1. Relative to the longest principal axis of the chain, what angle (0 to 90°, nearest 10) does the C-alpha long axis of helix 5-24 take?
2. Mind listing the Cα extents of the chain along all three principal axes, in Å, largest one first?
3. Could you provide, to the nearest whole Å², the per residue accessible area of the chain with probe 1.4 Å?
4. What's the angle, to the nearest 10 degrees (0 to 90), between helix 26-48's Cα axis and the longest principal axis of the chain?
5. Would you mind telling me the share, in percent, of accessible area of the chain contributed by carbon and sulfur at probe 1.4 angstrom?
Amino acid sequence: MNQHKYILIGALNGFTIAILFLTLGFFKTILLLLFTFARCVIGWYVKKMSLMDYFK
């Protein structure tokens, strides 16, 4: 199972994107993926700069 972990993650991601294309359509899916990517980048930046440490 461990040797195939990344293959399974890639397959599940592809399946999820295919379902989104079928249910939402092309442009809504692309917009959703862009917002998700932007939020991942913002989360990475906040973690890297330790910005949440001020709120503890």
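1. With rounding to tens, the tilt is 70 degrees.
2. 42, 35, 14
3. Accessible area per residue: 97 Å².
4. 30
5. It is 74 percent, rounded to a whole number.
The values are calculated or read from the model by the stated rules, or taken from the named source; none is laboratory data. This structure is a prediction, so every number in the text was calculated from the model and none was measured. Calculation scope for accessible area: heavy atoms of the full protein, side chains included, ligands and nucleic acids excluded. Shrake-Rupley method; radii C 1.70, N 1.55, O 1.52, S 1.80 Å.
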